[in-house]
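Notes to accompany the following structure.
The values are calculated or read from the model by the stated rules, or taken from the named source; none is laboratory data. Quick caveat: nothing in here was measured; it's all calculated off a predicted structure. Quick note on the areas: whole protein, heavy atoms, side chains included, nothing else; ligands and nucleic acids left out. Shrake-Rupley method; radii C 1.70, N 1.55, O 1.52, S 1.80 Å.
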Amino acid sequence: MRGNDDQRTLYRTLHEEEAEYVQILSIVRGCRVTAGKMYKLYRNYNNPHIFEQGEMYVVDDDSKDNYAVLMLCATILYR
């Protein structure tokens, strides 16, 4: 077990394969996330030939898997 995520120290990273969390800096209309909020990153390993490290997504404010956030929104990655 990893422990309490609230007491964890996060570090910025430029490498997507290391990232575990993402902070949304700015959003586009229709992207159901909140600017300024931190989201946990999840990975989908269903297409290993396309995404070696897994396709990253967040669970958005509507509790749905959102794969477009990293392409459409300005973000900062954390590990």
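Would you mind telling me the share, in percent, of accessible area of the chain contributed by carbon and sulfur at probe 1.4 angstrom? The computed percentage sits at 46. For T75, the amide hydrogen comes within under 5 Å of the amide hydrogens of L25, counting only partners 5 or more places away or on other chains and with H modelled in the peptide plane. Sorting Y78, Y39 by accessible area puts them as Y78, Y39; the probe is 1.4 Å, largest comes first, and only protein heavy atoms count. At full extension, S63 and T9 could sit 16.9 nm farther apart than now, given 0.36 nm per residue minus the alpha carbon distance. The shape of the range 15-79 comes out prolate: with a ≥ b ≥ c from the C-alpha gyration tensor, a/c is at least 1.5 and a/b beats b/c. Solvent-accessible surface of the range 5-73, taken per residue with a 1.4 Å probe and all protein chains present: 73 Å².
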